[in-house]
Amino acid sequence: PAPVKPPDGGWGWIVLLGCFVITGFSYAFPKAVSVYFKELMKDFHVGYSDTAWISSIMLAMLYGTGPVCSIMVNQFGCRPVMLIGGLLASSGMILASFTTNIIELYLTAGVLTGLGMALNFQPSLIMLGTYFDKRRPLANGLAAAGSPVFLSSLSPLGQVLLEKFGWRGGFLIMGGLLLNCCTCGAVMRPLDMGMRRKTEKAQDKYEAKEMLPIGGKSEEGISTTDGTKKAKKAKKRPKKGKKLLDFSIFSNRGFIIYTISKFILVLGLFVPPILLVNYAKDTGVPDTEAAFLLSIIGFIDIFARPACGMVAGLKWVRPHVAYLFSFAMLFNGLTDICSARASNYTGLVIFCVFFGISYGMVGALQFEVLMAIVGSQKFSSAIGLVLLIEAFAVLIGPPSAGR
């Protein structure tokens, strides 16, 4: 059947809000959990590197389970997958609050919660692509803004919960918060279902009108009902099996170039946010001021993503959005190179401002460009494979930079 035309609004704004929340949880949650690390180190008598693995496992699950999510979405649809994901993410944190050693934490908070967030993140982007077409760059930019907004709110919230309820109580409440992913999954109504309901209502009205008068019109009414019966029988015929994962996208040269460039980019993309605070401390910056550098990146990022989405949606920019993404990647790399010149706190603040702009541009454009290359029909398979390849870069990048 022909794909339904995206409404570019209406219920799409509710879908966008759900995507905003899920993007926020997916990217910010693994970083926000680091607030609890000091208490975990005391209770379980482990080092910083041992606790840091919790965030690493979460991120690895988010990226590495891409193909599994694609297969499940192609098989069952977005909404059921997201509801299961929300339950898994929540149960992971709730179970983590009862753990007695660090290995149990890896399995609950790391694997279970990471898998749950992965099952939410990917389908939400797919649904956003089905509801928006002309306004898609803006929608992607607004959804991507969830990441810095949630990072700036989840970290202070985690600190408050830690002080009042301890790390176990904090994990329990965080698990409750993650149940909001189920609410976001519930609003992801399949687009064709909404359209089908409208056509069925119109058909029922037409049939009622035709069957009321006696005579020639009643015969017409009978013929229409016969026609609808035949149509329903035709609908009931078994559908051809869907491809669980479409590998034909590797024949698309644009997709291969995108994947290679994204792998190289991700090797360095997460290095500054992870290593910046310690680097600042080593140069003699006080602890509180060093931590504030991440807040600067987050604050700039909040405005950079929607603004970049609006620019990408302009008529004369939209056809050349891949070039804008290339510029964003180049800009991001050049800010990293220039950061080597920052020898004092002022220099680091200037670097954070420019890094926040370039980081936001990359975040807002990455999925928009992928959808423009492969199309909405193959997007579910494409994003799964891209995230799997990026998972290796996420694991290799920061430790390599540390070396």
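Taking the stated definitions as given, is residue 13 in a helix (DSSP H, G or I) and more than 30 Å from residue 168 (Cβ to Cβ)? Taking the combined requirement at face value, the residue satisfies it. In segment 5-31, the residues that are over 30 Å from residue 112 (Cβ atoms) form Cβ pairs under 6 Å with partners that are open to solvent by less than 10 Å² (accessible area, probe 1.4 Å) and part of a helix (DSSP H, G or I), at six or more places apart or across chains, as follows: 6/131; 12/131. Scanning segment 342-386 for residues that are charged (D, E, K, R) and open to solvent by less than 10 Å² (accessible area, probe 1.4 Å) returns a single hit, 368.
Residues checked against (1) among the acidic types (Asp, Glu); (2) in contact with a Lys or Arg (Cβ under 9 Å, 6 or more places away or on another chain); (3) modelled with pLDDT of 85 or more; (4) over 24 Å from residue 74 (Cα atoms):
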residue	(1), (2), (3), (4)
95	no, no, yes, yes
110	no, no, yes, yes
134	no, yes, no, yes
138	no, no, no, yes
150	no, no, yes, yes
172	no, no, yes, yes
183	no, no, yes, no
189	no, yes, yes, no
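Of the helices (runs of 4 or more DSSP H) lying entirely inside segment 75-185, those carrying at least 2 residues that are open to solvent by less than 40 Å² (accessible area, probe 1.4 Å) and aromatic (Phe, Trp, Tyr) are 113-131, 146-178. The residues in segment 27-69 that are under 22 Å from the mean Cα position of the chain (by Cα), at pLDDT 80 or above and farther than 30 Å from residue 245 by Cβ can be counted, and the count is 1.
Residues are listed down the side, and each one gets a yes or a no for (1) farther than 27 Å from residue 138 by Cβ; (2) not in a helix (DSSP H, G or I):
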residue	(1), (2)
254	no, no
262	no, no
266	no, no
291	yes, no
298	no, no
306	no, no
311	no, no
315	no, yes
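Any idea which residue in segment 331-341 is least open to solvent (accessible area, probe 1.4 Å), counting only those that are without any contact (Cβ under 8 Å) to a residue 40 or more places away in the chain and over 30 Å from residue 133 (Cα atoms)? So the residue we want is 335.
The values are calculated or read from the model by the stated rules, or taken from the named source; none is laboratory data. Predicted model only: the values in this text are computed from it and were never measured. Methodologically, a virtual Cβ is constructed for each residue, glycine included, from the backbone with ideal geometry; neighbour enumeration extends over all protein chains shown. Note: areas computed on protein heavy atoms with side chains; ligands, DNA, RNA excluded. Shrake-Rupley method; radii C 1.70, N 1.55, O 1.52, S 1.80 Å.
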